[in-house]
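The values are calculated or read from the model by the stated rules, or taken from the named source; none is laboratory data. For clarity, every value in this text was computed on a predicted model and none was experimentally measured. Cβ coordinates were reconstructed from backbone atoms using ideal geometry, including for glycine residues, and neighbour counts include every protein chain displayed. Ligands, DNA and RNA are stripped out before the accessible areas are found, and what is left, the full protein with its side chains, is counted by its heavy atoms. Shrake-Rupley method; radii C 1.70, N 1.55, O 1.52, S 1.80 Å.
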Amino acid sequence: MKTKELITSYDATNDILAGKLLDEKGFMANYTIGNGIFLNTDENNMPTSFYIGEASQKLGVDKEVLKDPNVAVAIDSDDSGIDFEIFISSNKIFKLKSDNRFGFEISEMWDTN
């Protein structure tokens with residue numbers, strides 16, 4: 001699994017967790033992969049960022065947990081499915097499996113460390 005540097009922010013007032021890969025600018029498409037989680041892709045249809053509104057509710061954790069800056073996201077996909085996992089300080093807090101109807105195939109860990 002390839003590791004890439006992630007930049008994240010958590011807005012506790014609006015309960016939004018967002019992250020993007022370092023050195024990526026903008027996005028071409030925005031896909032919902034389920035549970036209110038959105039992946040944004042570049043011109044090559046490769047994921048470059050994510051957005052989660054009502055994050056504490058959707059991820060099933062307290063807002064204080066999401067304030068931790070040590071966030072990692074694992075994305076593993078093939079032509080049929082996407083596995084999306086979120087880790088806070090190396091603890092898995094969320095996992096989502098969805099159909100891959102978007103056409104990208106990757107195996108990456110996005111990490112703030």
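When Leu96, Leu66 are compared by accessible area at a 1.4 angstrom probe, the order from most to least is Leu96, Leu66.
Counting only protein heavy atoms and a 1.4 Å probe, the chain has 53 square angstrom of accessible area per residue.
Filter the GluC sites (Glu not before Pro) in region 25-70 to those in DSSP coil with at most 14 other Cβ atoms within 10 Å of their Cβ, and list the result.
Taking region 25-70 and a limit of 14 other Cβ atoms within 10 Å, the loop GluC sites (Glu not before Pro) found are Glu43, Glu54.
Which part of region 63-78 falls in the paramagnetic zone of Ser107, meaning amide N under 19 Å from the point 7 Å along Cα-to-beta-carbon? In region 63-78, the label zone of Ser107 (backbone N under 19 Å from the point 7 Å along Cα→Cβ) covers 73-78. Once you have a ≥ b ≥ c as the square roots of the Cα gyration tensor eigenvalues for region 1-42, tell me rounded if a/c is under 1.5, and otherwise prolate or oblate according to whether a/b is larger than b/c. Oblate, since a/c reaches 1.5 and b/c is not below a/b. Net charge in the neighbourhood of Lys25 (other residues with Cβ under 15 Å of its Cβ; Lys, Arg +1, Asp, Glu -1) is -3.
Compare the Cα positions of Asn14, Asn35, Met46 along the charge dipole of the chain (+1 at Cβ of Lys, Arg; -1 at Cβ of Asp, Glu; about the Cα centre) and return the one farthest towards the positive end. Result: Asn14, furthest along the dipole toward the positive end. For the pair region 1-64 and region 71-113, the centres of their Cα atoms are 11 angstrom apart. Solvent-accessible area of Asp111, all protein chains in place: 40 Å² (probe radius 1.4 Å, heavy atoms, ligands and nucleic acids excluded).
The residues Met28, Met109, sorted by heavy-atom accessible surface at 1.4 Å with ligands and nucleic acids left out, run Met28, Met109 from largest to smallest.
When you restrict to C-alpha pairs under 8 Å that are six or more residues apart and normalise by the size of the chain, the relative contact order lands at 28 percent. Within 14 Å, Cβ to Cβ, of Arg101, how many net charges do the neighbouring residues add up to if Lys/Arg are +1 and Asp/Glu are -1? Summing Lys and Arg as +1 and Asp and Glu as -1 gives -3.
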